[in-house]
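To keep things clear, I will list the structure first and then write my remarks on it.
Readers should treat all values here as calculations from the given coordinates under stated rules, not as data from a laboratory. From a predicted model like this one, the values you see are computed outputs, not experimental measurements.
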């Protein structure tokens, strides 16, 4: 019996150090974040049903509570509560804010999942709607 993993398959949560419950999708979208101190815009990276990685915005404190309005192209805005779980800098020295969504119902989860599927389809066609419609 061959026990080696297939390197072409995406890894499934198999190690205790992998804390993500949902697979993240590399995205190129934006969001508006509302905190007690103001309203800010961020670039969204690594979007998933459970959270996102935010770039190009002001720093936020860990455990800060937020209202996030996700703006995924070709999909209606999604408003959801969230909290900051981690901050830091990536390998290129850019600051990031990792947030976790606080779902009050399955509706927001379903909307984010549908938006992720829309984003995947858009990325496959380089944003050309005609290519999506022909698929």
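The length gained by stretching the chain between residue 63 and residue 117 to full extension, at 0.36 nm per residue less their Cα-Cα distance, is 16.5 nm. Rounded if a/c is under 1.5, else prolate if a/b is larger than b/c, else oblate: which is segment 29-126, with a ≥ b ≥ c the root eigenvalues of its Cα gyration tensor? Oblate, since a/c reaches 1.5 and b/c is not below a/b.
Note on residue 81 and residue 55: the extension gain reaches 7.6 nm, defined as 0.36 nm multiplied by sequence separation minus the Cα-Cα distance.
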